[in-house]
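In what follows, a single structure is set out as structure tokens and then discussed.
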Amino acid sequence: MAKQKRMILPVVSLGSEYLVIGNLMRRNIMTYKAPPGNEGYDLICIHPDPKKNKKPVRVQVKSRYATDAYRTVPLNEKSLEAFDFLIMAFLNIGKFFGKNDGTNGEEKAQFYTFPREFILKHHEKTSKWQQVNLRKLEFDEIELYRDEKGYEQIAEALGIPKPQKRLG
């Protein structure tokens with residue numbers, strides 16, 4: 001049986017970074033895309049108030065487009081010190097494994113924001129591909145890093161309070 005050729009979707013992959021940018025900015029985190037090919041991180045996050053001179057936060061974005069993809073992303077050991085947070089973007093655009101062609105199985109995208117310490121703890125160096133594998137973790141171990149709960153960690157690192165209206 002012939003090995004199935006891996007699909008590469010550069011537009012979808014780039015879209016994951018822009019989705020993350022939008023979600024972080026929605027939380028009032030100023031977010032800028034690093035130059036293409038920048039090693040170790042994709043986004044720079046800073047406080048929106050220029051008087052708050054906190055250290056920028058570097059974010060690496062890794063994505064998977066398939067809904068039925070393994071909850072694993074490749075991550076080379078040499079880039080572990082280059083970011084502060086790693087966001088895994090599971091875009092869930094359809095099912096592609098086996099006899100699936102991607103036309104069904106679309107689900108809402110999921111984003112997990114992990115601090116470097118978590119990634120260091122769960123980085124697998126022994127596999128053929130160096131990787132971070134979420135499949136081996138229990139649901140409650142990773143749920144506190146999902147979507148808004150994950151973005152909140154970056155806001156906290158930058159000292160950005162949640163936007164709120166002053167009453168009275």
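No value in this document is a laboratory result; all are computed from the given coordinates. The model shown is predicted, which means the values in this text are computed figures rather than measured ones. Cβ: placed from backbone, ideal geometry, glycine included. Neighbour counts: every protein chain shown.
Looking at this structure, is Asn28 in contact with a helix residue (DSSP H, G or I) (Cβ under 8 Å, 6 or more places away or on another chain), within 18 Å of Tyr145 (Cβ to Cβ) and not in a strand (DSSP E or B)?
No.
Can you pull out every residue in segment 112-143 that is assigned to a helix (DSSP H, G or I) and out of contact with any helix residue (DSSP H, G or I) (no Cβ under 8 Å at 6 or more places or on another chain)?
Across segment 112-143, the qualifying residues are Arg116, Glu117, Ile119, Leu120, Lys121, His122, Phe139, Asp140, Glu141, Ile142.
Thr126 versus (1) surrounded by 10 or more Cβ atoms within 10 Å (Cβ to Cβ); (2) under 21 Å from Leu80 (Cα atoms); (3) without any contact (Cβ under 8 Å) to a residue 24 or more places away in the chain: which is the lone unmet condition?
Failed condition: (1).
From (1) hydroxyl-bearing (Ser, Thr, Tyr); (2) part of a helix (DSSP H, G or I); (3) under 18 Å from Leu9 (Cβ atoms), pick out the condition that doesn't hold for Tyr151.
(3)
When only residues in segment 92-121 that are within 29 Å of Val59 (Cα to Cα), of a type in the set (Val, Ile, Thr) and without any contact (Cβ under 8 Å) to a residue 60 or more places away in the chain count, which is surrounded by the most Cβ atoms within 10 Å (Cβ to Cβ)?
Per the criteria, the residue is Thr113.
With the requirement that a residue be assigned to a helix (DSSP H, G or I) and without any contact (Cβ under 8 Å) to a residue 60 or more places away in the chain, what does segment 154-164 give you?
Glu156, the sole residue that qualifies.
Residue check, Ile93 against (1) among the hydrophobic types (A, V, I, L, M, F, W, C); (2) more than 25 Å from Ile29 (Cβ to Cβ); (3) in contact with a helix residue (DSSP H, G or I) (Cβ under 9 Å, 6 or more places away or on another chain); (4) not in a strand (DSSP E or B), all met but one. Which one?
Of (1) among the hydrophobic types (A, V, I, L, M, F, W, C); (2) more than 25 Å from Ile29 (Cβ to Cβ); (3) in contact with a helix residue (DSSP H, G or I) (Cβ under 9 Å, 6 or more places away or on another chain); (4) not in a strand (DSSP E or B), only one is false for Ile93: (4).
From the list Val73, Val59, pick out the single residue that is among the hydrophobic types (A, V, I, L, M, F, W, C), closer than 27 Å to Thr126 by Cβ, touching a residue at least 60 places away in the same chain (Cβ under 8 Å) and in a strand (DSSP E or B).
Selected residue: Val59, the only one of Val73, Val59 that is among the hydrophobic types (A, V, I, L, M, F, W, C), closer than 27 Å to Thr126 by Cβ, touching a residue at least 60 places away in the same chain (Cβ under 8 Å) and in a strand (DSSP E or B).
Please find, among Leu43, Leu75, the residue that is surrounded by 14 or more Cβ atoms within 10 Å (Cβ to Cβ) and under 18 Å from Arg135 (Cα atoms).
Criteria check complete, one pass: Leu75.
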